[in-house]
Amino acid sequence: MEKGKSLKKAWKYGFLSLLIAAPIMLAHPDMAFAADGDTQEEEENKPVSIPTEPYTPAGSRLTYTFTGDNTYGYVANVASVLPSEITENSNTLTIPAEIEYQPTQENEKDASGDADGTVKVRVAGILKDVLKGNTSLVKLVLPDTVTYIGQEAFCDCVNLKEIKTYATSFESSPQTGYLAAAEIEYRAFYGCTSLTGLTLGEIVDPDTKALKGVKRVQKEAFMNCTSLNSIEIGPTVEWLEGGAFANARALNGLANDVKIRDNQLFFMQDGILYYRESERSNVLLLCPAATESGDLKSFPANLTQIKNAAFYGCEGLTSIEIPNTVQVLGDQAFYGCTHLGNVRIPDSVTKIGTEIFKNCGSAVTIICESGSEAERYANSNNINKSVRCEVTFLNTYNGDTQKIEIMSGQTLDAPTGWGRVGFTLRWSDGFTPNTTVINESRTIRTVFVPLYTVTFRDSYTGYESVVTDVEEGTEAAPPDWTRKGYRLTWSTEAFRRVNANMVVNAVWLISLTDDVTPDEEQQYQKGDFVTINNVVFKIVDYDARKVRAMGLEDESVSKVTIPTNVIFGGRTYRVTSIGANAFRENTSIKKLSMGSNVTTIKSRAFYRCSNLKKIVIYSKSLSSFGYYSFKKTNAKAKVYVPTKALAKTYREEMLDAGLSTKATVKKKS
């Protein structure tokens, strides 16, 4: 049973401690404490077993475990400390440079054994959680033999104010805030809120004169050391992991609180600590929390990474423009930057860590490229974003282009000087300058709308009203002329949707409701208009008594009947034709009936009557279908004609006039 426990504990401390001990043993061959002569050589070649049980030296309140190998011997590591060791020594913990170990087995002895059988073992490491959460510790004194400080070893020792390292090979006074351990592990001094100054220092090997000291400081090792106001990085430091000094709220990079001594791997710029990874890569490690960076835009060349928690708690950072050389943003990079607003992230960034904007507030807005990793991150984390959009204006008349960069959610003005005489300049997709909000990259094309002139004339009074610059497809406002006993209509309704320069003549119709008798000499004549049953007719031949259907007075009706004859003024007139543009673009009409006297349908008479589905033709002598007279009527319209023979003839004529090939033409039953 005891042997099993021993093996279990050996596994617990073995590998990590071997990692600690190996470099020490290589650097200090004297740890074998060789004897003189042949005995020394024999003892050095003698295998030495590593003790597996925790060991507490006589009179000590520190317990150790051992690591190493069978060739070079072993070292001791502090595994636990009784609280009384601190409270009874003025709140100070002093780690010895070596301990005397009494081997329990013969093969645990080596050549350094004293006469009484004890072995001197160098203290090389402080293991995980040794004093985690201890509130009594105020001062920590370490020997220069310690090369390893384990995870959370002194985590949350909130009253720890001083760290000293003392030399064992020569006389030297301890230095305040000085560490020389090669490896400082994860959260080793996390939350030591009373610690004020720190040097990541070095020692000189008395034999080789080589520098040894702090090499690597792992993630969050000194995080939340909120009173820490001074850091010095010595010449032996090779790497500081992201977040090593995160949220050190008293540390101000612009106040020279971070110093670098004889070390070319690190450099400061604008109060921010960087690491030279290579000639082509610099890494942003730390913006000290008290640094007032404001709007940060300046960075060293070849910046490729912003490490974990680099700006953790930097409340003085208000915006940042990350350069387009950066590829990686580490976890919690901007955690707790409560005054942070715009963050410009280029599309060179392909990896974004977790919680990088946690506890930053709602003002954070990611400014990024469309389709970039930054946009994806903003969308998936519900962060405000403004995407960089490229708007291309294209002049369809001469091919000119103009490109403008704008952030999404903004408006912009259009290019100037692109107008054309005789046209109004409009823009595609409903774009209106300084009004339309841009949310994506797009191309906006010119739309040149022709301008026309519409002249209204009254031959009776001699009045004339000219309306200029009427946009195509819009209505020209007619004059409000009056004449007693008559109702004003117009010779054409085309001015309702202008598509050419035109003259519109006034047509005076007798008012049957007016109490004033019209002029006695007024007679109907060629060119007069009259409205019967909502259809407006024009007299095209007074003597032959022929009229033409010109449109509707009320265009909202769905059924239109063009009669065979109409009666007015005591005469009967034959309805022989339907005028050009008479019912153009009337989408209310669904059913049309044409009388038997209709022989001619003028151009575009039913153009774009998209809901016209049923057409009944009673005329057997309809011989002229004008250009586009049935263009863009309902694709599945049904046409009924008087005879079977006319079905084929009318179909061919109507297809030429724009009737859909899907429409059917057949004899009316």
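The values are calculated or read from the model by the stated rules, or taken from the named source; none is laboratory data. Worth saying up front: this structure is predicted, and the values here are computed from it rather than measured. Note that we place each Cβ from the backbone using ideal geometry, even for glycine, and neighbour counts take in every protein chain shown. We work out accessible area using only protein heavy atoms, side chains counted, and drop any ligands, DNA or RNA first. Shrake-Rupley method; radii C 1.70, N 1.55, O 1.52, S 1.80 Å.
In this structure, the pairs whose alpha-carbon distance is over 24 Å, taken from LYS614/LYS667; LYS546/LYS614; LYS590/LYS662; LYS219/LYS351; LYS164/LYS219; LYS546/LYS632, are LYS546/LYS614; LYS546/LYS632.
Considering all different alpha carbon pairs of the stretch 572-612, the Kirkwood hydrodynamic radius works out to 10.8 Å. Pairwise Cα separations in the stretch 353-436 fall into 5 Å bins from 0 onward with the following percentages, short to long: 3, 11, 19, 17, 12, 11, 9, 7, 5, 3, 1, 0. Computed extension length for LEU425-GLU355: 20.3 nm, one decimal, from 0.36 nm per residue of separation with the Cα-Cα distance subtracted.
Highest average first, the peptides 472-481, 600-609 ordered by how many other beta carbon atoms sit within 10 Å of their residues are 600-609, 472-481.
Taking other residues whose beta carbon is less than 15 angstrom from the beta carbon of PRO235, and scoring Lys, Arg as +1 and Asp, Glu as -1, yields +2. The residues neighbouring SER281, those whose beta-carbon lies less than 15 Å from its own, together hold a net charge of +2 under the Lys/Arg +1, Asp/Glu -1 convention.
Within the shell of other residues whose beta carbon sits under 13 angstrom from the beta carbon of THR649, the net charge comes to +3, with Lys and Arg scored +1 and Asp and Glu -1. Share of the chain's accessible area from carbon and sulfur, percent, 1.4 Å? Carbon-and-sulfur percentage of accessible area, whole number: 45. Antiparallel beta bridges, as assigned by DSSP with both residues in the chain, represent about 45 percent of the total such bridges. Overall, the anisotropy analysis places the stretch 310-452 in the prolate class: the square-rooted eigenvalues a ≥ b ≥ c of its C-alpha gyration tensor yield a/c not less than 1.5, with a/b exceeding b/c. Which distance in Å, rounded to a whole number, links the C-alpha centroids of the stretch 199-248 and the stretch 406-477? Comparing the Cα centres of the stretch 199-248 and the stretch 406-477, I get a distance of 70 Å. Label-to-label distance, LEU394 versus THR572, with points set 7 angstrom from Cα along the beta-carbon direction: 6.2 nm.
Nearest 0.05, what FRET efficiency do THR643 and ALA363 give at R0 = 56 Å with Cβ-Cβ as r?
Values: r = 79 Å, r/R0 = 1.42.
Efficiency, rounded to the nearest 0.05: 0.10.
For the chain, adding -39500 (n - 2.57) for each run of n ≥ 4 DSSP H residues and dividing by the number of residues yields -2500 deg cm²/dmol at 222 nm.
What fraction of the Cα pairs in the stretch 439-490, stated in percent, has a spacing above 16 angstrom? Percent of Cα pairs beyond 16 Å in the stretch 439-490: 58.
The convex hull drawn around the Cα atoms of the stretch 545-669, when projected onto a plane and averaged over every direction, covers 6.9 nm².
Past 22 Å, Cα to Cα, is the threshold; run LYS297/LYS385; LYS591/LYS636; LYS358/LYS385; LYS538/LYS602; LYS538/LYS636 against it and keep the listed order. Walk me through the numbers on the way to the answer.
On the way: LYS297/LYS385 19 Å; LYS591/LYS636 13 Å; LYS358/LYS385 15 Å; LYS538/LYS602 14 Å; LYS538/LYS636 31 Å.
Checking Cα-Cα distances, LYS538/LYS636 exceed 22 Å.
Counting every alpha-carbon pair across the stretch 248-293, the share separated by more than 17 Å comes to 31%. Potential lengthening of the chain between SER603 and ARG445 amounts to 53.7 nm, from the contour at 0.36 nm per residue minus the alpha-carbon distance.
Remark: the stretch 613-622, residue by residue, has Karplus-estimated 3J(HN,Hα) of 10, 10, 10, 10, 10, 9, 6, 9, 10, 6 Hz, where x stands for each Gly or Pro and the curve is 6.51 cos²θ - 1.76 cosθ + 1.60 at θ = phi - 60°. Taking every alpha-carbon pair in the stretch 184-341 and binning the separations at 10 Å intervals from zero gives 12, 43, 34, 9, 2, 0 percent. Taking all protein chains into account, the per residue accessible area for the chain stands at 48 Å² (1.4 Å probe).
Coupling constants for the stretch 454-471 follow from the phi torsions by the Karplus curve (6.51 cos²θ - 1.76 cosθ + 1.60, θ = phi - 60°), and in residue order they are 10, 10, 9, 10, 10, 5, 6, 9, x, 6, 8, 10, 10, 10, 9, 6, 8, 5 Hz; glycine and proline get x.
Projection of the Cα convex hull of the stretch 333-379, averaged over all directions and equal to a quarter of that hull's surface, yields 3.0 nm².
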